[in-house]
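Heads up, the thing below is written out as C-alpha cells.
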Amino acid sequence: MKAAILREYGQPLTIEQVELDPPKAGEVHVKIEAAGICRSDLHFMKGEARINLPAVLGHEGSGTVMDVGPGVTGVKPGDHVILSFVPYCGRCHFCLTNRANLCDAHAATAGVLFDGTTRLHKGDQRITHMGKVACFAQEAVVPETGCVPVGKDVPWAQAALIGCSVTTGVGAAMFSARIAPGSTVAVIGAGGVGLNVIQGARLLNASKIIAVDIGEGKLEFAMSFGATHTVNPTIQDPVEAIKKITGGVGADYTFEVFGSPQTALTAYNAARKGGTVVIVGLAPIGDVAGFDLVSMVRQEKTVKGSYYGSTRPAVDMPTMVELYRLGKINIDDLVTRRYKLEDINKAYQDLDGGEIGRGVITQF
Ligand code: COD
Ligand code: ZN
C-alpha cells in the first residue's frame, strides 16, 4: 500500500509503497478515509520532536474497518471509526484512575504496537507507527482501543478532526481547565487546535474569549468560532492587551496552544491572580520556560499541562460527536483545505505558511 514516509528530519515526506502485515490479536485493520494536517506531525518532520525513523506520521484520522484480529469484539468490518493516538491498556495505574490519556503501556511502546513490534515495513526495514495510528497511508493496523466507533452520518474529515484537534482543544477547555461559566479566557495560538479551545470556551459560557495570534486572518477566523476579542502580538504587547480587556486583572484561564517558551510565558503573565494556565502546545524538546516564582506563590497561579485535552478518548470522543451533531461545536467550517496524499508536503507548507483552519487529506 501507499504511505508518506519520514526518512530524515528536515526532509520532505516521500510517497512509497510499503507492506502492512495483518492485524494480530486485539488489533484492527483500517482503510484510511481522512487524515488531518496537524502541527504535531510537523514537529517530527522538523526534528523538534523525535521518533524512530523511518516513520509513517499522521495521528488525526478516520476510516473504515476492513478486518479484525483475534479477540476483537468492539468493532467489525464495515464500521466507521475515529482513530485515537492514545489507545489504552485498561490495566495500568492511569487507565484505572480515569486518566486513560496517560496510559503507561502506550507511553512505553511509542511508535510500535502494544506487543512492541510494527506491522509496517518495507522488506526487512521496520517502519514506525506514529501514535499507533500512522494514518498518512492508505491503510493502518491499530489497537482495538485506538478505534472509536462513529455513526455513518458523520463526514470523514469531521470524524478525523475529532481524532485530534477537536478533542485536544475542546477537551482542554472542558476537562483540563473546567472553565466556569462567566469566566474570562485567553487563547495564545488560534490554529487548528486553538480554535477548538476557543469554541470549547464558548460552549462552556465563558464571558470574554480573547484570541491571540500573529496572523490577522487567523484572528478574524477565530471570531467566527466564538472569540470576542483579538490580539496580535506583532502589533501590541499581548499581556498588556489581555489585561486591558479584562479590566486590568488578566484572564481567569489562559491557554498556550502553539508550543514555545515565549508563548507559555505570555500565557502565564496574562493569567489573573488565582488563575489557571493550561499548556497544550508541545515546545521543541529541551526548551524550558521560566515563570516568576514569587507571583506563582503569592497569586496562587496554577500551571497545568493538557495532553489530548485530558480526555478519555473512548468515552469523550462520542461526546464530541454528539456536540457536533447538536451544532454546539463547529467542525464543518474548520475543514478549509482538502488534499491528496501525494500533496502532503504542500499541505504542510500551507500549515507552516499560516493558512487558516485545518487541512485534511481525503484522497489516498
Ligand atoms: N503568538 C501567538 N500565536 C502564535 C505565535 C505567537 N508568538 N506563533 C505562532 N502562533 C500561532 C500560529 O500563527 C498558528 O495560528 C498557531 O499559533 C498554531 O496553530 P497551528 O494550526 O499551526 O497548529 P495546531 O493547532 O495544529 O497545533 C498546535 C499544537 C500546539 C496543539 C501542536 O503543535 C502541539 O504541540 N501539540 C502537542 C500536544 C498534543 O497533545 N499533541 C498530540 C497530538 S496534537
Ligand atoms: Zn494533532
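The values are calculated or read from the model by the stated rules, or taken from the named source; none is laboratory data. Remember, predicted model here, so these are calculated numbers, not experimental data. Neighbour counts are summed over all protein chains in view; Cβ atoms, including those assigned to glycine, are modelled from backbone coordinates with ideal geometry. Heavy atoms of the whole protein, side chains included, go into the accessibility calculation; ligands, DNA and RNA do not. Shrake-Rupley method; radii C 1.70, N 1.55, O 1.52, S 1.80 Å.
Key figures for this structure:
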{"quantity": "All positions within the stretch 291-309 that are open to solvent by 60 Å² or more (accessible area, probe 1.4 Å), more than 10 Å from ligand 1 (Cβ to nearest atom) and at negative phi", "calculated": "D292, L293, V294, V297, R298, Q299, T302, K304"}
{"quantity": "Residue satisfying all of: in the stretch 338-364; more than 15 Å from G61 (Cα to Cα) and of a type in the set (A, V, I, L, M); modelled with the lowest pLDDT among these", "calculated": "I356"}
{"quantity": "Looking only at the stretch 229-268, and only at residues there that are among the polar types (S, T, N, Q) and closer than 13 Å to K208 by Cβ, the one that is farthest from ligand 2 (Cβ to nearest atom)", "calculated": "T246"}
{"quantity": "Hits in the stretch 152-191 (condition: within 16 Å of ligand 2 (Cβ to nearest atom), open to solvent by 10 Å² or more (accessible area, probe 1.4 Å) and in a helix (DSSP H, G or I))", "calculated": "Q158, T168"}
{"quantity": "Filtered residue count, the stretch 314-344, keeping only those that are closer than 20 Å to Q138 by Cα and either surrounded by fewer than 16 Cβ atoms within 10 Å (Cβ to Cβ) or among the acidic types (D, E) (or both)", "calculated": "4"}
{"quantity": "Matching helices (runs of 4 or more DSSP H) fully within the stretch 243-332 where at least 3 residues are within 25 Å of T184 (Cβ to Cβ) and of a type outside the set (A, V, I, L, M, F, W, C)", "calculated": "261-270"}
{"quantity": "Selection status of V278, of a type in the set (A, V, I, L, M, F, W, C) and open to solvent by 60 Å² or more (accessible area, probe 1.4 Å)", "calculated": "no"}
{"quantity": "Looking only at the stretch 192-205, and only at residues there that are in contact with a strand residue (DSSP E or B) (Cβ under 7 Å, 6 or more places away or on another chain) and without any contact (Cβ under 8 Å) to a residue 40 or more places away in the chain, the one that is nearest to ligand 2 (Cβ to nearest atom)", "calculated": "I198"}
{"quantity": "Single residue of G247, G194 found to be within 19 Å of V280 (Cα to Cα) and assigned by TED's automatic domain parsing to the domain that holds R272", "calculated": "G194"}
{"quantity": "Those helices (runs of 4 or more DSSP H) lying entirely in the stretch 1-114 with at least 3 residues in contact (Cβ under 8 Å) with a residue 60 or more places away in the chain and open to solvent by less than 60 Å² (accessible area, probe 1.4 Å)", "calculated": "39-45"}
{"quantity": "Number of positions in the stretch 270-323 that are within 15 Å of the chain's Cα centre (by Cα) and hydroxyl-bearing (S, T, Y)", "calculated": "5"}
{"quantity": "Test: residue in the stretch 135-142 that is open to solvent by 20 Å² or more (accessible area, probe 1.4 Å), charged (D, E, K, R), not assigned by TED's automatic domain parsing to the domain that holds A241 and not in a strand (DSSP E or B)", "calculated": "no"}
{"quantity": "Number of the exception - R202 against (1) touching a Pro at 6+ places or on another chain (Cβ under 8 Å); (2) assigned to a helix (DSSP H, G or I)", "calculated": "(1)"}
